[in-house]
Amino acid sequence: MAKQSVCTFSRKTSLFIISKPYLSIGQKTEKFEMVSPSCCNFIALKEEYNLRSQRRNLLYALIALLPTICMFYILIELFLYTGLGRIVALPLTFILNAALMISVIHLIRKLRTLWCVFILVPTILLSMWNTILFYPQEFSPSIPKQIQYSVTAISHYDDLTPADWEEYTYRPSQTGESEKYVVALYKYKRQVPLDGTTYFYNDTDYYGEHPISSLSEIPSELKPHHQFMWWLLQTFEK
């Protein structure tokens, strides 16, 4: 069995002697190399630096993934109807964003801090967009579409009429009708009959035993992202 390289110190020469086994014709001999203490120290320091650098890059990657985790929490709270797709989509999205962060941090590790910031910020924003884009919805439109519909409905607040909530028919909205319903319901909430003849989303099947009986209970009975829209309207005093 071949011997491993052994590093010993010579007091006479003040040098490290590295013994490296190798084969010659018919016999096994050892080759000795003289290495100064400063060289061995440099090698040890370099290995320690590389190890610390790897740990630091891993820590940076974990920190850069925090926005992804926060987006997971927000999406789960606001958009509930994902079906079984969420079981597959969330792990795959996390792996994709983790690979993206680790690769970028590895590539920019030797750049100046300012350049690192300029590159990392768009990368983190891209990872957040990936999280939103790949988050599944079972029946409703994609998350970007629902966000677009919500912004459009709020921005056209003044153009909405009572018909937008009175004539709304409950169904998975493909054109932003449910978002218009929520904003119109908020705008004309003082006109909503509280005598038990009006139902949330005008849906007598799901809300048949629970009609609108008071204005204060309306937000809590809306879908989670519609509750957020209602909160925005209240916050900005529409």
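A short reminder: the numbers here are calculations on the coordinates, not readings from a lab. Every value quoted in this text rests on a predicted model; they were computed, and no experiment measured them. Because the Cβ atoms are built from the backbone with ideal geometry, glycine has one as well, and the counts that use them run over all protein chains shown.
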Residue-wise HN-Hα coupling along segment 65-78, computed from phi with Karplus coefficients 6.51, -1.76, 1.60 (Hz; x: Gly, Pro) | 8, 4, x, 4, 5, 4, 5, 4, 4, 5, 5, 5, 6, 8
Could you tell me the distance between the Cα centroids of segment 173-195 and segment 212-235, to the nearest Å?
-> 10
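Just rank Leu58, Leu232, fewest to most, by other beta-carbon atoms within 10 angstrom. Working shown, then result.
On the way: Leu58 12, Leu232 15.
Exposure proxy ranking, most exposed first: Leu58, Leu232.
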In whole Hz, what ³J(HN,Hα) sequence does segment 138-150 give by Karplus (6.51, -1.76, 1.60; θ = phi - 60°), x for Gly and Pro?
-> 6, 10, 6, x, 4, 4, x, 5, 5, 5, 4, 4, 5
For segment 209-225, in order, what is each residue's ³J(HN,Hα) by Karplus, 6.51 cos²θ - 1.76 cosθ + 1.60 with θ = phi - 60°, in whole Hz (x at glycine and Pro)?
-> 9, 9, x, 6, 10, 7, 5, 5, 8, 4, x, 5, 9, 7, 4, x, 6
Classify segment 86-238 as rounded, prolate or oblate, taking a ≥ b ≥ c as the square roots of the eigenvalues of its Cα gyration tensor: rounded when a/c is under 1.5, otherwise prolate if a/b is larger than b/c and oblate if not.
-> prolate
